[in-house]
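Accompanying notes for the structure given below.
Each reported figure results from applying straightforward, stated rules to the coordinates on display, with no laboratory input. Keep in mind the model is a prediction, meaning the values are calculated, not measured. As a convention, Cβ positions derive from the backbone with ideal geometry for all residues, glycine included, and neighbour counts pool all protein chains shown.
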Amino acid sequence: MSQLYLITPPRIDAQFVSTLETALDAGPVSALQIRLKAHDEADIRRLAPALIRAAQSRGVAAILNDSPQLADALACDGVHIGQSDGRVKDARAIMGKDRTVGVTCHASRHLAMVAGEAGADYVAFGAFYPSQTKATEHVAMPDLLTWWVELFELPCVAIGGITADNAPPLVAAGADFIAASSGVWAHPDGPAAAVRAFAAVTGEA
């Protein structure tokens with residue numbers, strides 16, 4: 001069964017926390033990735049603590065994008081690193097063995113196997129669909145998820161342009177986590193409705 005992995009919009013304001021709380025209270029969310037690409041570090045240090053509290057108080061893992069050092073400083077539950085954000089080994093040294101280190105692997109079986117061997121806690125594949133939040137440089141197919149879950153125990157995350165409407169093939173392919181950003185925040189009926197719709201698709205409703 002797949003679980004929802006929620007990603008923040010790239011730019012937020014201080015009021016976003018109330019929107020986040022509404023979404024988190026609407027249905028099951030496994031993790032929140034704080035991905036504030038449109039903000040500098042000073043902004044992130046100011047904005048992230050409220051988001052982390054909102055997630056952790058509801059039993060949702062708070063994962064910061066890009067920086068293990070900042071994730072550690074903010075007492076996050078984990079960090080998500082891209083291929084240009086340093087090595088899994090170095091992130092693990094900062095985060096310790098009890099916190100999560102996830103890795104972007106694009107559409108590459110090789111990168112995923114390397115990340116797994118290096119000790120990542122999950123690998124993220126995508127983009128499966130055109131994304132509203134970032135340029136799509138790598139395109140992944142659902143059979144990549146099936147290949148991974150049949151061979152490896154390490155969880156995989158499907159990411160990139162995913163909505164409740166286009167998620168079913170990824171759930172059927174075996175994705176452990178379905179990552180969504182604009183598919184929740186830009187949902188025509190609001191984030192809470194989006195979370196409920198994802199729960200119906202993943203079988204968590």
> Based on DSSP, what percent of beta bridges with both residues in the chain are antiparallel, to the nearest 5?
Replying inline: 0 percent
> Along the charge dipole of region 3-202, which of L170, S67, A124 sits closest to the positive end, that is, farthest toward it, with unit charges on the beta carbon of Lys, Arg, Asp and Glu (+1, +1, -1, -1)?
Replying inline: S67
> So what is log10(I(q)/I(0)) for region 3-202 at q = 0.08, 0.11, 0.17 1/Å, when the Debye sum runs over its Cα atoms only?
Replying inline: -0.23, -0.45, -1.15
> If you bin every alpha carbon distance in region 1-92 into 10 Å steps from zero, what whole percent lands in each bin?
Replying inline: 17, 52, 28, 4
> Hey, how many Å between the Cα centroid of region 129-145 and the Cα centroid of region 18-44?
Replying inline: 21 Å
> If amide H atoms are built 1.01 Å from N in the plane of the peptide, which residues on other chains or at least 5 residues away come under 5 Å of the amide H of L4?
Replying inline: S30, I178
> If you count, for each residue, the other Cβ atoms within 10 Å and average over each peptide, how do 36-46, 82-92 line up from highest to lowest?
Replying inline: 82-92, 36-46
> When all C-alpha to C-alpha distances in region 94-191 are sorted into bins of 5 Å, what percent of pairs does each bin hold, rounded to whole numbers?
Replying inline: 3, 14, 24, 23, 18, 11, 6, 2, 0
